1. Amide H of residue C:75 versus every other amide H placed in the peptide plane: which residues, excluding those fewer than 5 positions away on the same chain, fall under 5 Å?
2. Taking both sides together, what accessible area is buried at the A/B interface, probe 1.4 Å, expressed in Å² and rounded to the nearest 100?
3. Would you tell me the accessible area of residue A:74, worked out with a 1.4 angstrom probe on the heavy atoms of the protein chains, in Å² to the nearest 10?
4. Assuming a viscosity of 1.002 mPa s and a temperature of 20 °C, what translational diffusion coefficient in µm² per second does Stokes-Einstein assign to region A:1-79, Rh being the Kirkwood radius over Cα pairs?
5. For chain B, what relative contact order do you get, as a whole percent, if you take Cα pairs closer than 8 Å and at least 6 residues apart?
6. Residue C:377 to residue C:223: FRET efficiency via 1/(1 + (r/R0)^6), r the Cβ-Cβ distance, R0 60 Å, to the nearest 0.05?
7. In whole Å, what is the distance between the alpha-carbon centres of region C:12-64 and region C:568-641?
8. For residue C:67, put the label point 7 Å out on the Cα→Cβ axis and report which residues of region C:190-226 keep their amide N under 11 Å from it.
Amino acid sequence: MDSSLIFYLLSALSVVSALFVVFSRSPIYSVLSLIVCFFSIAGHYVMLNAQFLAIIHIIVYAGAIMVLMLFTVMLLNLNKTTEPHKTNMTKIAAVISGGLLMLTLLASIRAEKLAAYQSPAPSELGYVQHVGLKLFQDFLLPFEISSILFVSAMIAAVVLAKKEKH
Amino acid sequence: MTNLLQTPEATQNWYLLLSTVLFSIGVIGVLFRRNALIILMCVELMLNAVNLLLVSISAYSGNVDGQVFVFFIMVVAAAEVAVGLALMVSIYRSIGSIDINVLNKLKW
Amino acid sequence: MEQTISALSAMIAPALLIPALPLLGFILISLFGKKLGHLSGWIGSLMILGSFVSSLVLFNGIGSEGKLNFDLYEWIKFAGTSLSFGFLVDQLTLVMLLFITGIGFFIHLYSIGYMHDDEGFARFFSYLNLFVFFMLLLVMGNSYLVMFIGWEGVGLCSYLLIGFWHKNPAYNDAAKKAFVMNRIGDLGFLLAMFLLLFYFGGLDFDTVNNAAMSMEKGSGLLILTTLLLFVGASGKSAQLPLYTWLPDAMAGPTPVSALIHAATMVTAGIYMVSRSNILFIQAPPTLDVILWIGIATSVFAAVIGIKQNDIKKILAYSTVSQLGMMFAALGLGAFESGMFHVVTHAFFKALLFLGAGSVIHAMGGEQDIRKMGGLLKFTKITGFTFLIGSLAISGIPPFAGFFSKDEILANAFEGNKVAWILLSLSSMVTAFYMFRLVFLTFFGSFRGTEEQRHHLHESPITITLPLMVLAVLSVIGGFIGLPAVFSDTHTFRSFLNPVFEQGHTLVAEHAHPSHATEWMLMGIATIAAFVSIGFAWTMYMKNKTLPEPDEQLSGFSKVVANKFYVDELYDKLIVNPIKVLSDLFLVLFDKLIIDLIVNLSAILVDVTGRTYRLIQTGNTGFYVFAMVISMVLFLLFQIVL
C-alpha cells in the first residue's frame, strides 16, 4: 500500500511537471519543471529496482543536460515571456492531434485489466555489478562505439558553436 | 506489437499508461510550441517516457537488458542535446531567433 | 611431317612478339609522342623491324611443313559455344607476315623522311604502328573472330590515316567514304560469321573447314556463306561495286597509300578467301561470281586508269585492277597464284607508290602529271626505280609481275578462254597507262612552273633506300615462283602446299598446260605488253601528245575521265533515296512519335513535381503535424487489423 501511494504521487508529479514544461510561458520555468519531471522519473527508477540507473539519470539529465539547457537559455537571452505564440487554430490542432495519438496508443495497449498498483519484488537486478557485467560482457562493442559517438558529437558541437571568423 | 507490450502482470499497465501519457505530452509540446529549445526539451521528455517503459519492462521481467538499453538511449540523448544546442546557438547567431516559423527556408 | 612439340612451342614467344611489338610502339608513341618528337619515327620503325626479325625466326622454325596453332585464352563462352582468342601460324600466314613486316619496315623508314616536316609526325607513326598491329592480328588469328578484330582495326586505321590531314574537309569526306564502304563489306563478313557460328559449329578455321568438308558440295548454305564472305572481301579489297573508296583514299599521305591501300590492307580480302579456300571450293557458284567480278573490276579499273591525270589516282586504279586480277585467280581456284600475285604486287606497287611520293615530294606537292615531265634528269634514283616498278607491273620478263601475272593468265587459259582474253586485255591496258604515266612524268620536257623547276631535287636517303630495296625485290621477287618451263619446282606453290592441299583434294586436278602452251602464253603476254608500251611511246614520246585539260574532254573519253560517273550514280541511286527516306523518318518518327513520348513523360514529371512541391512548405511545425498524424494512422491501421 505504501509503495502504491508513492507511485501515484510520483506519477502525478511527473505528469503535472511535464504539462508545465509544455505550457509555461517562460523558457526558464520550462527548464525547471523539466528538471522536476526528471527527478520524479528517477524516483520511478528507484521503485523499479534500478538504483544505479536512477543515479546516472540524475547526473546525466538533471546535472548535465538540463544545466546545458539553462546555459543556452541564458546565452540566447530567451527569458522573455514575449515568445510569439501560435494562433489558436494551431494550438487546438496540436492538442487534438496529440490527444489523438495518446488515445491510439492507449487503445493499442488495451489495458482492460488495470489491477491495483504493486511494486516489483525487491531484487538486486539494478545493482552496479549486474548492469556493469551485462554492459561489459554482452554490450561491449556498442559501449565502445558510443565513445566514438561522443567524440564526434563533441567535435560537432565545438565546430558549430564557435564564432565564425570572417 | 500490442502483444509485445502486454505482460502477465496487470500492474505493469500502470507504467505503460504513465509513459504513454508522458510521451503524448511531449508530442503535444513539440506541436504546441514554436521555440526550438522547448521543442528540444519535449523531445527529451519523449525519450524519457520510453526509458521509463524500458526500465519497467526490465524490472517486471527480471532481465537487466532493458536497463542497458536505457544507458545507450542516454548516450544518444546526451550527444543529441550537445549537437542540438550548438546548432541552436549558431542559428541564433545568424538569424537572431530560434522560432521554428522563422526557420522555413528549407523548401522550394 | 610431324615436328616435335617442344620445337614448335618454342615458337610461341616470337609469334606473340610479332603483334606485340607494333602495339607497344603504338602505345609508346601515342603516350609520349610529343616528347619523343622525331625519335618516334625511329621507335616505330624499330618495332616493325623487330616484328620482321621475329617473323624470320618463325619462318625458320616452322618452315614449310609445321603449323603453329594455339589458343591464348577462352574469350567468350555461352550456351555450349566457346570462342577462344588464339593464333594460327602456317605457311600462308608466314608469307603474309614476312611481306607485311618487311615492306612495312621500309615504308616506316620512308615515312621518316617523307613526313619529316609534318606537325603530326608522332601521330602518324602511332597510327601506322597500330595499323601494322591490326594487320598482323588479321593474318595471325586462328578464327574468323580474331581475323574480324584485325579486319575492323585496319579499317579504323585506314580511316584515321586517310583523314590524317583532317583540316581538309575533302580528305575527311574521303575517309568517311572509305569507312562507310568498308562497313557495307563488314556487314557481309559479320553475317557470314553468324552463319558459320550457327551452322558450322564454331568460328575457328579448323572447325569450319571440317564442317565444310562434310557438307554437300554447292549446297545453298555454303553458297550463301561464301557469298557473304566475299561481300566482306570485296569491300576491303575494293572490288566492284564497292571499289569507289580506294581512289578517294589517296587523300592520305603517300606512305599510307603504299602500305595500306596498295600492299597490305587491300589484300586482306584475298587472304581471307585463300584462308577459307575449302569453303569456297565447296561452293563453285561463288567461285564463278568471284571470277567474273574480279575480271570486271580488273578491266573496268584499268580503263579508268587510262584517263586519269593524278599520279596517285592512276596508281590507285591500277591497284583496283590488279586486285581484280587476283580475285580472278581465286575464282579460278588458283589460290597459290592469287597469293603469289599478292606478294609481287606488294613489292612493285609499294615501290610505285613510294616513287610517286618521292616525285610529289620533289615537285612540292604537285600531283598532276600534266605539269611534270623530264623528271628523270633531276631524280635519278626515283626515276629508275619507278621505271623498274612499271616494268614489273606491265609484265615484262624477268621482273616480278611477269611471273605472277603469267601464272594467273595460264590458269585462266586452262579454265576459261573468255576470262583469259579479258584478263590479257586488262594487262595490256595496264602496261599502256603505266607507261603513259612514266613517259609523261619522267621523260620529255618539264612542264611545271619555273619555281618548281628550281625546287626539283632528289629525296633524302631514308626515302631512296626503301625505293632501291623494293626495286631489287621487284626485279627478283618473281623467281620464287618460276613456271614449269624454267624449273621443276615452283618454290612458292610447294611452300604453300600444306595450306591448300586439303582443298585441292576436293577438285579434280585439271591438266597442267603443256610446255608449248606455256611458252606460247608467255610469248603472247610479253608481246602484248611491249605493244602497249610501244603504243604509249608513240603517243606520248614521239607525238608528244598531252592529256587535254578537263574542259576539252568529250564523248567517251569524258565518260572515262569521270570514272564512268559511278560516284554520281551511287549518289543518285543510293545516297539520295536514303536522304529522302531519313527526312521522312525524321518528320514521321523522330519529331512526331519519339518527341511526343519524350515530351509527355517530361510534362508528366513536371506537373507532378509542381503539385507535390506545394507540400514542402519549409514549415517545421507542419512537418511534425504530418508525422504525428501519420503515426496515428499507422497505429490505427495496426489496431484495426
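1. C:83, C:84, C:85
2. That pair of chains buries around 7000 Å² in total.
3. So the heavy atoms of residue A:74 present about 120 Å² to solvent.
4. In µm²/s, the coefficient is 163.
5. Once normalised by length, the contact order is 26 percent.
6. Here the calculated transfer efficiency is 0.60.
7. A separation of 55 Å, based on Cα centres.
8. Under cut-off, by backbone N: C:205-207, C:209-210.
The values are calculated or read from the model by the stated rules, or taken from the named source; none is laboratory data. Everything numeric here is computed off the predicted structure, so don't read it as measured data. Heads up, the Cβs are rebuilt from the backbone with ideal geometry, glycines too, and the neighbour counts pull from every protein chain shown. When the accessible area is computed, the model is the full protein with side chains, heavy atoms only, and any ligands, DNA or RNA have been set aside. Shrake-Rupley method; radii C 1.70, N 1.55, O 1.52, S 1.80 Å.
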